[in-house]
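J.: Below you will find the structure I want to go over with you.
The values are calculated or read from the model by the stated rules, or taken from the named source; none is laboratory data. Please read all numbers here as calculations on a predicted model, not as lab measurements. Don't worry about glycine lacking a Cβ; one is built from the backbone with ideal geometry, like all the others, and counts go over all protein chains shown.
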Amino acid sequence: MDARIERALAITPASRARERTIDITTTGRRTGRPRRIEVWFFRVDGQIYLSTTPATRSWYVNIVANPEFTFHLKHGVRADLRAVGTPVLDRAQREAVFSSIIADLNQPWNPARIPQPVAPLDDWMKGSPLISVEFPEGDTK
């Protein structure tokens, strides 16, 4: 993978909202049509995840139905990465990832500038989608 792309994916808790913001293009589970939306991504223990505050999201059900999608980097470097998403269903893993995301979003200087405090862990566990993202080797569009 290109070094510029690796840097763009290597966000930290100090990363600003702009650096976390990407587009994804999923395949509609009912229509089969491409659906492009803007989302944030998170990095926990070196792994990339897609999630959001508690809510039902169409991008999540689209990835569950059609795991291959496009991960569009658009800040610092522009790249369209072929990606495969896997829902994270294991309770212990979800708790660990969400705890990290919440700590990231609740840090005192709040680089993402979101309202604090974010929803509690129990709310995230019950109502937030969580997708683990993999990038097949050498695949950029």
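J.: When the stretch 60-90 is examined, which residues are found to be in contact (Cβ under 8 Å) with a residue 60 or more places away in the chain and closer than 12 Å to residue 23 by Cβ?
T.: Correct list: 70, 71, 73, 75, 79, 80, 81.
J.: So which residues in the stretch 1-21 are among the aliphatic types (A, V, I, L, M) and surrounded by 13 or more Cβ atoms within 10 Å (Cβ to Cβ), if there are any at all?
T.: Applying the first criterion (among the aliphatic types (A, V, I, L, M)) to the stretch 1-21 yields 1, 3, 5, 8-11, 14, 17.
Correct list: 1, 5, 8, 9, 11, 17.
J.: Further question: Looking for something of a type in the set (S, T, N, Q) and without any contact (Cβ under 8 Å) to a residue 12 or more places away in the chain - is there at least one such residue anywhere in the stretch 13-30?
T.: No - not one qualifying residue is present in the stretch 13-30.
J.: Still on this structure, please answer the following. Can you tell me which residue within the stretch 24-35, out of those that are touching a strand residue (DSSP E or B) at 6+ places or on another chain (Cβ under 6 Å) and farther than 20 Å from residue 101 by Cβ, is surrounded by the fewest Cβ atoms within 10 Å (Cβ to Cβ)?
T.: Residue satisfying both the conditions and the ranking: 34.
J.: If residue 135 satisfies all but one of (1) within 17 Å of residue 47 (Cβ to Cβ); (2) modelled with pLDDT under 85, what's the number of the condition it fails?
T.: (2)
J.: Hey, among the residues in the stretch 80-123 that are small (Gly, Ala, Ser) and either in a loop (DSSP other than H, G, I, E, B) or modelled with pLDDT of 95 or more (or both), which one's farthest from residue 43 (Cα to Cα)?
T.: First, the residues of the stretch 80-123 that are small (Gly, Ala, Ser): 83, 85, 92, 96, 99-100, 103, 112, 119.
If we keep only those that are either in a loop (DSSP other than H, G, I, E, B) or modelled with pLDDT of 95 or more (or both) too, we end up with 83, 85, 92, 96, 112, 119.
Numbers: 83: 15, 85: 14, 92: 17, 96: 12, 112: 14, 119: 19 Å.
Ranking the qualifying residues of the stretch 80-123, first place goes to 119.
J.: Can I ask one more? If I filter the stretch 49-78 down to residues being more than 13 Å from residue 25 (Cα to Cα) and among the small types (Gly, Ala, Ser), which single residue comes out as surrounded by the most Cβ atoms within 10 Å (Cβ to Cβ)?
T.: Filtering first and then ranking leaves 51.
J.: Could we say that residue 123 is among the acidic types (Asp, Glu) and surrounded by 14 or more Cβ atoms within 10 Å (Cβ to Cβ) here? Give the steps one after another, and end with the answer.
T.: Details: among the acidic types (Asp, Glu): yes; surrounded by 14 or more Cβ atoms within 10 Å (Cβ to Cβ): yes.
Yes, satisfied.
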